[in-house]
Amino acid sequence: MMNQDNFMVIKTILDWVNVFFVIYLIGYSSFLFLAVVVGSSELYNKRHKEELKNTLLQNYYVPISIIVPAYNEEVTVVETVKSLLSLEYTLYEIIVVDDGSKDTTSQKLIEAFDMKPIRRPIHRKISCQPEEFVYESVSEKVPLTLIRKKNGGKADSLNMGINACKYPYFICMDADSVLQYDSLTKISRPLLEQGNIVAVGGVVRPANSVTLDQGRVLNYQLPSNILACMQVLEYDRSFLASRILFDKFNGSLIISGAFGLFKKDTVIAAGGYDHSTMGEDMELVVKLHEYCAMNEIPYCIKYATDAICWSQAPERLRDLCKQRKRWHLGLFQSMWKHRVMLFNAKFGAVSFVSFFYFLLYELLSPFIEIFGVVTMVTAFIFDLINIPFMFLFFAIYAVFGCILTLTAFFARTQTIDLKISVMDALKAILLCFIEITFLRFIMAFVRATAFIGYKKKKLNWGRIERKKINVK
Amino acid sequence: MKVEILIYAYLAVCVSMILFNIVCIFVFRRKDKNIKKRSIDFTDIIEEQLDKQTVDETHKSFLRKKLKKINHMMAFDETLEKLYDRRPEDTQKYIANLCSVFVFLTFKYSEKNQIQAAYFPYIIKKYHVFKGVSIPIVQESLMELVKEQNLYCRENALQALYSIGGADSVIQALKTLDKAGSFHHGKMIADGLLCFSGPIDELSEKLWMNFNKFSIALKQAILDYFRFSSGRHSEKMLQLMIDDKENQELRFSAIRYFAKYHHEPAQAHLYSLATDDSPIWEYRAIAASALGNYPAEKTEILLKELLCDPNWHVRYNAADSLERLGVRYEEMIDIFEGRDRYAAEMLRYRFDRKKLKDTEGMPV
């Protein structure tokens, strides 16, 4: 039997843990609330502005190079390049970097676009693995280049692309994604609207069950796969809303590797993509913050809510777990590498809001959530928990989360004229509960265990099953 | 308990967000329907005027009353767009008769918030409402918009001024913009000036007359405009290019001008810029590129030397220019077989690429 003293110690500890969790959850809920309110109102405001022609209507453009790093992408790469060729934009080039694929990625491209070998000198401004061969096609509407290089990872391939590209801005994207027809116009618009922009993030949307024709959405519906469907909702709540909020104070720390635009000179000066991290996309953005702030270069990183890239969301739990583990490790590596930014006045709001948020509610959240479950079990064992209150608390938390998710979801669909069926609306309402109550906890566990076997998989491409996007 | 109060507060927030969502859905649907309905009403009324080939005063006062409301203006815009497709000439005549209505609306829209105010110059530009007509009150109002913080107010106002076509008012607008100090991308200014609907020579002359009154960023945009518009600015550009006290970005712009327009007197200066041994490699690189437009034996010799330049961009541009000058493989044999591997690599790439383009039948 436990004596009274020990019991009191446990009770005191649990009381303090309770206080911590109440503060933690209030902090998170408040952030989420703020993000969804700011995000939704921004989307509604944007729609209002567009209705009243508060938008750039002329065909202004900046030349852009699109870099497509590819590793074993024979299933999707040709469709991806075809979709890039149908983009509505005046001046751009496409550079596919084959990172020593073991399949026929290069051959598929060479045949599909009648590419010819050429000895092209590449200006090495950032280090990367050497090229094995270069092919070019001059018969397409824009220059298309294929560079096959020795395997070195995604970051290395992007660095090769940066070295080879000729325009002052480049876009990085995944070889299994499709850019919407107007995505280049939309992602480059902030460059014309504001000075000192070094990077612009685009929106990545799950393309499962969406039919695209020449980069235009022919048919939009929620994915039939439940897991993919829940990711659509999660993307709207967590990514779209929070990134709009961070954007308000130049605090974005992530630009998705699937679609982002960068100023080439600044990226080169900052050292390019880091080969040694898994989350090279986040690492680059954090590095740009650090580089510009340290060198007192005025800069701005923006988020374009209407520049859209369609990408396949994992439909199998195993693939989703792999993806999330990878993201979590990338987050850890980036934050550790740039830990100087935490609580550092030199970085302003990026340090005290964005970096702190990512530390507490992204990097440490799976551990905190699992610790919460362990505490609950302990409290239950010692009969120190008010069960009805706990259920009420969780029920309200779940309802709150669901409503925020649905607000973000409906704000997005309404403001960009995507018509959704009543069935899809009901599906969204039902699945957001499952996402909040189940998937979130599974993902917390997955992320908490991401560090197991970390060294072994540190630099691989993190393959998930590839499926073609439904393109007509 | 405090925690419970917080929980109930969050519940209240949840309920308000549900209400917010529902209200938004209904507001959007109603707004769209109303605009469509108003547009149908406008169509009947305007077609009546188009048939009569005149615009009567009753109709004008009807428009004055209605169009001061933004939702009616949006419906009017939608109607005119459709009528333009069906009866372009009649619609243009109809709009030309509405000057007095739009002068009245200028006052009304200048009192609105910036988002709504930006819509009015958009309409002026879209339907060329005041084309060739100088109305001081309208221009003053547009000039006020050019000072605004909102980019679209500034841009739509500039577009409206370009469409009206008065050179003096455009110059004044550029000065106002410069003075306001808000960021306005040079590309938008250069491309915008290309849309100017008035006498281009007069505009160019006035731009040069006021050139020194503008900021460097604006000067650069104006030089870009000259480069895109015509080759009639060679003399002034040459003065700019050879003035070594001038801002280097402006001198770069001037060199780029001669890459597009051949001007014999510039050739010797381009040679000296291409051999410039200052640490600013951009002079050599841009001059190397411009020399592709100046075929001569001396040009080829110089470009061959530039192929061995330590700077990658200079070598690249020199190779590109040699390709554009149409030099043959045999003439370059000394480079291909020479000791400078980088020069040979760069040139080989240009030659291979030209061959590739020739095979594909593409213009080089």
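The values are calculated or read from the model by the stated rules, or taken from the named source; none is laboratory data. Values in this document were obtained by computation on a predicted structure and should not be read as measured data. Because the Cβ atoms are built from the backbone with ideal geometry, glycine has one as well, and the counts that use them run over all protein chains shown. Each accessible area value is taken on the protein alone, full model and side chains, heavy atoms only, with ligands, DNA and RNA left out. Shrake-Rupley method; radii C 1.70, N 1.55, O 1.52, S 1.80 Å.
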Restricting to region A:52-75, name every residue that is within 23 Å of A:Asn163 (Cβ to Cβ), within 14 Å of chain B (Cβ to nearest Cβ) and either surrounded by fewer than 18 Cβ atoms within 10 Å (Cβ to Cβ) or among the polar types (S, T, N, Q) (or both).
A:Pro63
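Just checking: which of the helices (runs of 4 or more DSSP H) contained wholly in region A:145-237 hold 1 or more residues that are closer than 30 Å to A:Ile118 by Cβ and not basic (Lys, Arg)?
Numbers: elements: A:154-164, A:183-193, A:226-234.
Helices (runs of 4 or more DSSP H) meeting the threshold: A:154-164, A:183-193.
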(1) among the hydrophobic types (A, V, I, L, M, F, W, C); (2) within 14 Å of chain B (Cβ to nearest Cβ); (3) surrounded by fewer than 20 Cβ atoms within 10 Å (Cβ to Cβ): which one isn't true of A:Val78, the others all being true?
(2)
Which residues, taken from region A:397-432, are within 22 Å of the chain's Cα centre (by Cα), small (Gly, Ala, Ser) and more than 9 Å from chain B (Cβ to nearest Cβ)?
A:Gly401, A:Ala408, A:Ala428
Of (1) modelled with pLDDT under 95; (2) crowded, with 22+ Cβ neighbours inside 10 Å; (3) closer than 27 Å to A:Asn45 by Cα; (4) hydrophobic (A, V, I, L, M, F, W, C), B:Leu142 satisfies all except one. Which?
(1)
How many residues are part of a helix (DSSP H, G or I), surrounded by 21 or more Cβ atoms within 10 Å (Cβ to Cβ) and more than 17 Å from the chain's Cα centre (by Cα) if we restrict to region B:145-168?
1
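One line per residue, one yes/no per condition, for (1) more than 10 Å from every other protein chain (Cβ to nearest Cβ); (2) of a type in the set (A, V, I, L, M, F, W, C); (3) under 34 Å from the mean Cα position of the chain (by Cα); (4) open to solvent by less than 20 Å² (accessible area, probe 1.4 Å):
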site	(1), (2), (3), (4)
B:Leu306	yes, yes, no, yes
B:His313	no, no, yes, no
B:Ser321	yes, no, yes, yes
B:Arg328	yes, no, no, no
B:Glu331	yes, no, no, no
B:Asp340	yes, no, no, no
B:Asp352	no, no, no, no
B:Lys357	no, no, yes, no
B:Glu360	no, no, yes, no
Of residues in region A:114-138 being touching a Lys or Arg at 6+ places or on another chain (Cβ under 8 Å) and outside any loop (DSSP other than H, G, I, E, B), the one nearest to the other protein chains (Cβ to nearest Cβ):
A:Glu136
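Considering only region B:170-284, give the helices (runs of 4 or more DSSP H) lying wholly within it that have at least 1 residues that are away from chain A (no Cβ under 14 Å). So that I can check it myself, show each step before the final result.
Working: elements: B:186-193, B:200-209, B:216-229, B:234-242, B:248-260, B:266-274.
It comes to B:200-209, B:216-229, B:234-242, B:248-260, B:266-274.
Filter region B:251-269 for residues that are of a type in the set (A, V, I, L, M) and either under 13 Å from B:Ala318 (Cα atoms) or surrounded by fewer than 19 Cβ atoms within 10 Å (Cβ to Cβ) (or both) and give the result.
Quick first cut of region B:251-269, residues of a type in the set (A, V, I, L, M) only: B:254-255, B:259, B:266, B:268.
If the condition is that a residue be of a type in the set (A, V, I, L, M) and either under 13 Å from B:Ala318 (Cα atoms) or surrounded by fewer than 19 Cβ atoms within 10 Å (Cβ to Cβ) (or both), then B:Ala259, B:Ala268 are the ones that fit.
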Does A:Val350 qualify as being open to solvent by less than 20 Å² (accessible area, probe 1.4 Å) and within 22 Å of A:Gly271 (Cβ to Cβ)?
yes
Among the residues of region A:150-171, how many are open to solvent by 30 Å² or more (accessible area, probe 1.4 Å) and closer than 15 Å to A:Ala199 by Cα?
3
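Does A:Lys141 meet the test of being more than 9 Å from chain B (Cβ to nearest Cβ), basic (Lys, Arg), part of a loop (DSSP other than H, G, I, E, B) and open to solvent by 40 Å² or more (accessible area, probe 1.4 Å)?
On the way: more than 9 Å from chain B (Cβ to nearest Cβ): yes; basic (Lys, Arg): yes; part of a loop (DSSP other than H, G, I, E, B): yes; open to solvent by 40 Å² or more (accessible area, probe 1.4 Å): yes.
Yes, satisfied.
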Note on region A:5-29: residues within 11 Å of chain B (Cβ to nearest Cβ) and either in contact with a Pro (Cβ under 7 Å, 6 or more places away or on another chain) or surrounded by 13 or more Cβ atoms within 10 Å (Cβ to Cβ) (or both) are A:Asn18, A:Phe21, A:Val22, A:Leu25, A:Ile26, A:Ser29
Pairs please, first residue from region B:313-339 and closer than 19 Å to B:Trp281 by Cβ, second anywhere and open to solvent by 60 Å² or more (accessible area, probe 1.4 Å), Cβ atoms under 7 Å, 6+ apart in sequence or on different chains.
B:His313/B:Trp281; B:Val314/B:Trp281; B:Arg315/B:Tyr342
Any residue in region B:27-46 that is facing another protein chain (nearest Cβ under 9 Å), out of contact with any Pro (no Cβ under 8 Å at 6 or more places or on another chain) and free of Cβ contacts under 8 Å to residues at least 40 places away in the same chain?
yes
Failed condition for A:Ile387, given (1) closer than 21 Å to B:Glu4 by Cα; (2) surrounded by 15 or more Cβ atoms within 10 Å (Cβ to Cβ), with all others met?
(2)
